[in-house]
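Below is one structure, written out as structure tokens; the observations come after it.
The values are calculated or read from the model by the stated rules, or taken from the named source; none is laboratory data. The model shown is predicted, which means the values in this text are computed figures rather than measured ones. For neighbour counting, all protein chains shown are included, and Cβ atoms are generated from backbone atoms with ideal geometry for every residue, glycine included.
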Amino acid sequence: MLCPECGSSIHRSHARGFKENLVRAITSYRAYRCRECGWRGWMARNRSAVRTAAWKNLLHTVIGFLATLLILIVALYLIGL
Ligand SMILES: [Zn+2]
């Protein structure tokens with residue numbers, strides 16, 4: 001991770017207080033601090049991209065399953081006729 005202000009490497013900062021811990025718990029954002037210029041802020045971890053990909057995979061699986069189910073229902077309906 002690089003500092004958006006000065007470009008030097010930043011390190012994880014401890015979340016301060018309840019609000020920051022809550023943000024840390026429910027989002028993929030983490031508090032970071034720069035030793036060079038004192039910048040402190042929140043940045044998304046790379047893991048969020050992985051999580052998004054996992055959701056897309058799940059969505060594709062569900063859509064695929066529903067499509068198969070629909071075809072099966074139509075096939076059974078046609079056989080029934
Ligand atoms: Zn900096």
Any residue that is surrounded by 10 or more Cβ atoms within 10 Å (Cβ to Cβ), in contact with an Asp or Glu (Cβ under 6 Å, 6 or more places away or on another chain) and at pLDDT 85 or above - is there at least one of those in segment 9-27? no
Going through segment 2-29 one residue at a time, which ones are under 24 Å from ARG51 (Cα atoms), in a strand (DSSP E or B) and either within 16 Å of the ligand (Cβ to nearest atom) or more than 22 Å from the chain's Cα centre (by Cα) (or both)? LEU2, ILE10, HIS11, ARG12
Can you tell me which residues in segment 30-43 are of a type in the set (Lys, Arg) and within 12 Å of the ligand (Cβ to nearest atom)? ARG33, ARG35, ARG40
